[in-house]
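To start, the structure under review is shown below, and the notes come after it.
The values are calculated or read from the model by the stated rules, or taken from the named source; none is laboratory data. Treat the numbers as computed from the prediction; the structure is a model and nothing was measured. Here the Cβ positions follow ideal geometry from the backbone for every residue, glycine too, while neighbour counts run over all protein chains shown.
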Ligand SMILES: [Zn+2]
């Protein structure tokens, strides 16, 4: 069994954890998990993330409005996000970004929320957790403009985009999707990303790694993702976990 696993991206507020949330979270430390960041996707889930961080010593949180959740939201809602990020256990603004997979919300609305939250993060000297789906060009353009500290979570871009992100001193978050059969691009990235820029994550309850794909994900299953990536890089799995936890602490805790 591995130890010192830090899950840099989770959603334990999700309804799929309703039946056993407290029991499951309480069991994580004995399964080798030393910390996790629960990410908000709108105002309500950002508050829920704060509550989880107040309940569990090893849980931290990020507050933010996700691009898929900014439709019909008044920009004023960011005042509440701004208050939340000043909480002692809030470690990032997130998740924020662009999602052009679906036609809605309109791109201009997504861009307005993304930009305003990048500015918010810079005002408070906080890192950002970025969601970029089918929007690599405009996402990178915004990141070049603002140069925040942060991570591209569940990275799905090319090697070229990865290198550009590294030049901006951003981190690359990889989760269960790397283990999926069609993950050619992610596998290349997992091999090439510099060791001091890689973060492990679940995005649970989603993105469950092989061999549990289709089931509910949780932070203890990072072990499978880590074994897979360590195999690609031909290194020891515990060493990879330790390095990624060190990276997570350095990004989110200035440690
Ligand atoms: Zn997420």
Subject >> Residue ID - farthest from the ligand (Cβ to nearest atom), chosen from residues in region 32-52 that are touching a strand residue (DSSP E or B) at 6+ places or on another chain (Cβ under 8 Å) and more than 16 Å from residue 91 (Cα to Cα) >> reply: 32
**OP:** Output the number of the condition that residue 1 fails; it satisfies all remaining conditions of (1) at pLDDT 95 or above; (2) closer than 19 Å to residue 219 by Cα; (3) away from the ligand (no atom under 13 Å from the Cβ); (4) surrounded by fewer than 19 Cβ atoms within 10 Å (Cβ to Cβ).
**Re:** (1)
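For region 7-27, how many residues are more than 16 Å from the ligand (Cβ to nearest atom) and buried (at least 22 other Cβ atoms within 10 Å of the Cβ)? Even if it seems obvious, please write down each step before you answer.
Pass one, region 7-27, residues more than 16 Å from the ligand (Cβ to nearest atom): 18-27.
Filter once more, so that each one left must be buried (at least 22 other Cβ atoms within 10 Å of the Cβ): 25.
Residues in region 7-27 being more than 16 Å from the ligand (Cβ to nearest atom) and buried (at least 22 other Cβ atoms within 10 Å of the Cβ): 1 in total.
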**OP:** With the checklist (1) touching a strand residue (DSSP E or B) at 6+ places or on another chain (Cβ under 8 Å); (2) assigned to a loop (DSSP other than H, G, I, E, B); (3) surrounded by fewer than 22 Cβ atoms within 10 Å (Cβ to Cβ) in hand, flag the one item residue 71 doesn't pass.
**Re:** (1)
Original post:
Of the residues that sit in region 148-161 and are over 14 Å from residue 183 (Cβ atoms) and away from the ligand (no atom under 16 Å from the Cβ), which one is surrounded by the fewest Cβ atoms within 10 Å (Cβ to Cβ)?
Top reply: 160
**OP:** Mind listing whichever residues of region 163-193 are touching a strand residue (DSSP E or B) at 6+ places or on another chain (Cβ under 9 Å) and under 17 Å from residue 240 (Cβ atoms)?
**Re:** 171, 172, 173, 174, 175, 176, 186, 189, 190, 193
Original post:
Do any strands (runs of 3 or more DSSP E) lying entirely in region 139-255 carry at least 2 residues that are modelled with pLDDT of 95 or more, over 30 Å from residue 109 (Cβ atoms) and in contact with a helix residue (DSSP H, G or I) (Cβ under 6 Å, 6 or more places away or on another chain), and which ones are they?
Top reply: 198-200
**OP:** Could you run through region 188-209 and say how many residues are surrounded by 17 or more Cβ atoms within 10 Å (Cβ to Cβ) and more than 16 Å from the ligand (Cβ to nearest atom)?
**Re:** 5
